[in-house]
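Scroll down for the structure; my scribbles are underneath it.
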Ligand SMILES: Nc1ncnc2c1ncn2[C@@H]1O[C@H](COP(=O)(O)OP(=O)(O)OP(=O)(O)O)[C@@H](O)[C@H]1O
Ligand SMILES: [Mg+2]
C-alpha cells in the first residue's frame, strides 16, 4: 500500500526527516509515536503533499506508484486522507457544501458520476451518528467555532464520508475526553478492511487499546528508531523516549 | 464630420434636446460644470481615479443605440420572476423593451421626460417628483452632477406615495453599447419613497465592446419618515470603459436604506456614496463589493453624515483583486454636534490574488458630538495557504478551492441582500466573474 524508503525532507532549509523507511501493507494499521518535534507531522504533511516541504532524497510508493510528484488533490482522489493535527477553520465555506464538493471531486477523479443529493444526505446522517456530531454543526462553516474535540470528530466524519484507502491520523486523539476517544476509534475501526490501511500518530498508548495496531514505530530524530508490536506502546508509556534516543545516539 | 466633441465642447453649446432641465437653468448648470472643470492630477480626492486625458477626448453624446442582445439584457435579470423594468441604451429609454405592469395607485415609474410632460398636463405627483431633481447631488459643487443634469438625454424616475408597499422589485437596465466612436453616457435615476412606504430598486449597468466610453451616472434617493428601501447596483464595465457613479441618499426619521454596489471590470470606476441620516433613528447601510482583474481600478468614496440623534450607519466594502487591479476606499464619517448616540461602523477588506494587485483604505472620521460609537477597520491579505491545502487535501482541485475561498470571502456581502429575487442573479454574476478571473 505505502512504501517509504530512506526519505529525507526539510522545512525552511532544515532537515527534519533523515532517512525514514516504512512499509505499510494493505489492511494494516501502523502507529507512530515519538517525542515532540521529531517529525511526525512532517511525515504526514509530506505524504499528503503540503507545500513548503522539500524532499531531498528517498522515495515513496503508494499503490506501487510514485507518490511525491502528485498534487494533493490527486493524492486525495487516489485514496489518501490526512486527519489534521490542527484542523483549519474556513469561514464562509459551509461544511456540507465543502464535503459534497470534495466527495464529487474525488468521484470525478475516479471516473465515477456525482453523488445524487439525496444519497449524499443519507450518507451524511448515517455517518454523523457514528461520530455523535450534531446536524447543526454541518450547516456552519468548516470547523468554524467548533470545539477542539468537535474538530477532531469532524475529521473522522470526513474520513467516513470520503472512504480513503490510506488514512493518516495526526494526533486525532489529542485533547479528547475518553468518550470522544472511543468515538474516534470506532470510526477508524468501522473503516477496517483488507484494503484499508492507516498510519496513526499518537502520544498515548490509550488510543491503541481501541485501535489495535499491527505495528508500533518510534520516530525520533527524523528516523524510525524502533519497531515493535502493541507492547512497545506500553513500554513507551512507562519509560518515555529517553532510553530510545540514547540508543540512537550511542 | 462625425459630431464628436470634448466635454467642454458639449457644455459650451449643448444640443437643443439634451439636459433634464430647460432654458436658463440648463445654461447655468452647463456653465457651472465648465467652471468646476474635470478633476486634475493634483486633486487629492481624485488621485486614484484614472480620468487622465478625458478632457481632450472627443466623445459622441449618447443617442440612438443598437438593440441590445438577449444575454446583455438578461445577464442581470432575475429568471422566472416578474419585475418591472426600464431599459436605457446609450442614455435613451427604449420603450419597446420596457415592461411596466400595473403598479399600485399613485406610483409613477418610467421616463422623467414623460413625467415632465405629465406635470405640464397637471399631474401633481410628476411635478412633485421633478421638484426633487438635483436636491441631493450638489450640482453647484460637484462637476459630474452639473454635467449630468445639463446633458443627460433622459432619466428614470420613481415616485412612491406615502404608505405604499411595492411587492415587486423595480429594475433599471442601463447599457452602454458604443459603435465606432467613443461615447459619453449619463444614466440618471431619481427615486422618492414616501412616508412608511417600501420599495426595492435595482440598477444594472453594463458596458460592452472595445470602444472607449465615459459613463457619468447619478442616482438620487429620498426616503420619507419610516420608509424602507433596498438599492442594488450592479456595474459591469468593459476594459475600455470609465465610469463615475454617484449614489446620493437622504434618509428621514426612522427610515432604513440598504444600498449595495457590485463592481466588476472597467478601466476606472469611481463610486461615490453620499448618505445623510437626517432624522432621528434613521439607518443606512452602504455595501460595496468589487471583483477586479487586468488593469481595472475601483475608487470608492463614501461620505456618511449623521445629522440627527440615534442613527445607525454601516459601511462594508470588499475588494477582490487579481492581476494588476487596484482598489481604493476612502470612507468619511461626519457626526454633527446634535447627532448624539450615533452608531457608525465602517469596514474594508481587500483580498489580493496576485503580487501586483493593490488595495488601500483611508478612513476619515470627523466627530463633533460627544456620545458616539464609531468604529472602523481595514484589512488587506491574500488567500490563506493552510485553508487552501486543507481543501485540496480533501480532493478539491486547486482552482476550484481558490474559487471556493474567494467566494467565501464575499459571501457575507451577498448575504446582506434581502430582496430574494435578486440573490440568485447576483450569485450567478459573482460566480461567473470569479470563473472568468481564475
Ligand atoms: N513550516 C515550518 N517552518 C519551520 N520549521 C518547521 C516547520 N514545520 C515544522 N517545523 C519544524 O520541524 C520539526 C518537526 O516538526 P513536526 O511538526 O513534524 O513535529 P511532530 O513530531 O509532529 O511534533 P508534535 O508531537 O509536537 O506534533 C520541528 O522542530 C518544527 O519546529
Ligand atoms: Mg505533530
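The values are calculated or read from the model by the stated rules, or taken from the named source; none is laboratory data. Computed from a predicted model, the values in this text were never measured in an experiment. Every residue, glycine among them, receives a Cβ derived from its backbone with ideal geometry; neighbour counts consider all protein chains shown.
So the values come out like this:
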read-out: Some residue of segment B:399-410 being at the interface with chain A (Cβ under 10 Å from one of its Cβ atoms) and more than 30 Å from residue A:164 (Cβ to Cβ); value: yes
read-out: Residue match in segment A:144-152 (condition: surrounded by 15 or more Cβ atoms within 10 Å (Cβ to Cβ), touching a strand residue (DSSP E or B) at 6+ places or on another chain (Cβ under 9 Å) and within 22 Å of residue A:45 (Cβ to Cβ)); value: yes
read-out: Residue match in segment B:94-104 (condition: surrounded by 20 or more Cβ atoms within 10 Å (Cβ to Cβ) and not assigned by TED's automatic domain parsing to the domain that holds residue B:421); value: no
read-out: Selection count, segment B:16-36, where residues are assigned to a loop (DSSP other than H, G, I, E, B) and loosely packed, with under 13 Cβ neighbours inside 10 Å; value: 3
read-out: Filtered residues of segment A:5-18 (kept if away from ligand 2 (no atom under 15 Å from the Cβ) and farther than 26 Å from residue A:165 by Cβ); value: A:10, A:12, A:13, A:14, A:15, A:18
read-out: Residues of segment A:40-78 classified as more than 13 Å from ligand 1 (Cβ to nearest atom), farther than 17 Å from residue B:392 by Cα and surrounded by fewer than 17 Cβ atoms within 10 Å (Cβ to Cβ), total; value: 9
read-out: Count - residues of segment A:79-94 that are surrounded by fewer than 22 Cβ atoms within 10 Å (Cβ to Cβ), within 7 Å of chain B (Cβ to nearest Cβ) and modelled with pLDDT of 95 or more; value: 1
read-out: Lone unmet requirement of (1) in contact (Cβ under 8 Å) with a residue 24 or more places away in the chain; (2) within 9 Å of chain B (Cβ to nearest Cβ) for residue A:97; value: (1)
read-out: Test: residue in segment A:110-118 that is within 7 Å of another protein chain (Cβ to nearest Cβ) and at pLDDT 95 or above; value: no
read-out: Any hit, segment B:396-409, residues being assigned to a loop (DSSP other than H, G, I, E, B), modelled with pLDDT of 95 or more and either over 24 Å from the mean Cα position of the chain (by Cα) or outside the structural domain of residue B:304 (by TED's automatic domain parsing) (or both); value: yes
read-out: Residue within segment B:411-430 that is under 29 Å from the mean Cα position of the chain (by Cα), surrounded by 21 or more Cβ atoms within 10 Å (Cβ to Cβ) and closer than 18 Å to residue B:301 by Cβ present; value: no
read-out: Selection within segment A:34-66 - free of Cβ contacts under 8 Å to residues at least 24 places away in the same chain, in a loop (DSSP other than H, G, I, E, B) and either away from chain B (no Cβ under 14 Å) or more than 16 Å from ligand 2 (Cβ to nearest atom) (or both); value: A:36, A:37, A:51, A:64
read-out: Counted residues, segment A:191-222 - those being within 17 Å of residue A:158 (Cα to Cα) and surrounded by 15 or more Cβ atoms within 10 Å (Cβ to Cβ); value: 6
read-out: Selected residue (criterion: surrounded by the fewest Cβ atoms within 10 Å (Cβ to Cβ)) from residues of segment B:54-81 that are in a loop (DSSP other than H, G, I, E, B) and modelled with pLDDT of 90 or more; value: B:56
read-out: Residue within segment A:100-107 that is within 16 Å of ligand 1 (Cβ to nearest atom) and crowded, with 17+ Cβ neighbours inside 10 Å present; value: no
read-out: Residue count, segment A:20-39 (criterion: near ligand 1 (Cβ under 8 Å from one of its atoms) and surrounded by 22 or more Cβ atoms within 10 Å (Cβ to Cβ)); value: 3
read-out: Residue match in segment B:416-438 (condition: closer than 22 Å to residue A:77 by Cα and within 14 Å of chain A (Cβ to nearest Cβ)); value: no
read-out: All positions within segment B:410-438 that are touching a helix residue (DSSP H, G or I) at 6+ places or on another chain (Cβ under 8 Å) and in a helix (DSSP H, G or I); value: B:410, B:414, B:423, B:426, B:427, B:430, B:431, B:434, B:435
